[in-house]
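Please read the structure below before turning to the comments.
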Amino acid sequence: MSIISNCTASVIKTAAESLINGNLVAFPTETVYGLGADANNEDAVSRVYEVKGRPLGHPLIVHISSTKNLDKWAREIPEYAIKLARAFWPGPMTLILPRTNLAKDFITGGQDNVGIRVPSHTVALELLRDFEFKGGLGVAAPSANRFGAVSPTTANAVEEELAGFLSTSDQILDGGPCAVGVESTIIDCTQSAPSILRPGAITKEMIENFLSISLNTKTLKPKGVQIKAAGLLESHYAPKAKVILDGSPSAGDGLIALNSFATPGGVIRLSAPSNNEEFAQILYQAFRSADAMDLGRVFVKPPTGDGIAVAINDRLAKAAFDL
Ligand code: TXA
Ligand code: MG
């Protein structure tokens with residue numbers, strides 16, 4: 001396993017070939033880094049589960065290079081889903097659609113639907129195009145972290161998470177820090193109207209405005225329903241430090257808050273983003289620095305409002321959830 005920071009065209013071609021040969025390639029996307037495997041190779045996909053320590057049965061998102069490959073993986077695609085794909089792909093959005101025979105149980109966790117995404121990072125897109133040129137059909141890629149841990153937003157964070165578990169023929173492509181910083185918006189497109197299963201940078205308002213509909217907000221927190229998405233577990237995305245969302249930090253605690261909040265004396269300021277987009281971008285890296293400093297507690301002042309704040313608050317609630 002090696003980090004490759006100079007992602008030239010030939011490096012990416014070699015990585016695509018490596019995926020075709022059944023190896024794993026961690027790659028940057030605009031949201032977080034993914035741990036990629038050929039979505040049609042059961043052995044490669046089972047290594048993804050092993051490397052992540054992820055329980056079997058949690059479905060994986062299939063990444064493709066453009067909507068033109070969508071109907072290879074999905075059938076009965078509603079018109080609203082096509083519109084969303086045309087509007088927001090490439091981008092931080094995953095559509096859950098009824099599957100074709102190509103999406104095997106080892107990808108969908110036995111469900112009759114499949115998650116599909118076209119990421120917008122140039123390295124991811126080039127890797128997917130090269131992979132498809134060599135005959136591949138889709139790259140299964142969960143976030144490149146151990147199960148339940150914080151998603152990596154840099155190549156070094158991928159190495160920290162997975163170095164002990166990847167083999168020498170696997171690779172990590174370094175495409176710099178991720179621009180969005182939280183995972184894609186997941187939209188259930190298996191019903192007559194869309195619903196958001198995981199909030200992200202494609203926000204409720206963007207979808208509502210674009211489709212001229214109003215989304216059912218109850219679907220954002222499907223408490224008590226069968227969990228079909230790992231990101232819907234109550235505890236997830238958590239650093240080792242205890243995450244606290246109310247009260248005030250004391251000397252020695254970490255603090256993550258917008259730069260309009262001052263740092264109390266003795267408190268370790270982990271980051272001071274100037275707006276909510278920047279908050280999303282730095283959050284996971286700030287959690288990682290808390291763990292690197294061995295902090296016991298990290299206080300976070302949750303952002304307010306709509307838009308990306310909804311996704312940040314969703315992840316914060318999960319990071320703060322006490323098992
Ligand atoms: O931004 C992202 O979505 C990143 C990058 C790498 O693309 N990927 C990512 O994958 O976050 P993962 O596996 O860490 O989270 C995907 C979530 C999981 O909770 C999974 O259970 C859910 O999506 N999911 C995938 N396929 C699904 C399906 N068919 N039905 C319901 N949930 C699904
Ligand atoms: Mg994940």
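Any read-out appearing in this document is the output of simple, stated calculations on the displayed coordinates, not a laboratory observation. As the structure is a prediction and not an experimental result, all values here were calculated from the model. Cβ coordinates were reconstructed from backbone atoms using ideal geometry, including for glycine residues, and neighbour counts include every protein chain displayed.
Going by neighbour counts of Cβ atoms within 10 Å, the residues LEU166, LEU211, LEU128 line up, fewest first, as LEU211, LEU166, LEU128. Where both bridge residues fall in the chain, DSSP classifies roughly 45% of the beta bridges as antiparallel.
Sorting MET1, MET93, MET293 from the fewest to the most surrounding beta carbons within 10 angstrom yields MET293, MET1, MET93.
From the Cα gyration tensor of the range 1-108, with a ≥ b ≥ c the square roots of its eigenvalues, which class applies: rounded if a/c is under 1.5, or else prolate if a/b is larger than b/c, or else oblate? Here the range 1-108 falls in the oblate category. Evaluated with a Cβ-only charge set (Lys, Arg +1; Asp, Glu -1), the range 84-172 carries a dipole of roughly 340 debye about its Cα centre, given to the nearest 20. Under a model in which nothing but the beta-carbon of Lys, Arg (+1) and Asp, Glu (-1) is charged, the chain shows a dipole of about 460 debye around its Cα centre. At each listed q (0.07, 0.13 Å⁻¹), what is the log10 of I(q)/I(0) that the Debye formula gives for the chain modelled as equal alpha-carbon point scatterers? Debye output, listed in q order: -0.26, -0.92. Among THR304, THR153, sorting on how many other beta-carbon atoms sit within 10 Å of each Cβ, with the fewest leading, yields THR304, THR153.
Relative contact order of the chain, taken over Cα pairs closer than 8 Å and 6 or more residues apart, is 20 percent. Dipole check for the range 48-124: with +1 at the C-beta of Lys and Arg, -1 at the C-beta of Asp and Glu, and the Cα centre as origin, the magnitude is about 180 Debye.
Counting only DSSP beta bridges with both residues in the range 2-130, tell me the antiparallel percent, nearest 5. DSSP beta bridges in the range 2-130 are roughly 75 percent antiparallel.
Exceedance of the 27 Å cut-off in Cα-Cα distance is limited, within the set LYS68/LYS104; LYS52/LYS83; LYS13/LYS68, to LYS52/LYS83.
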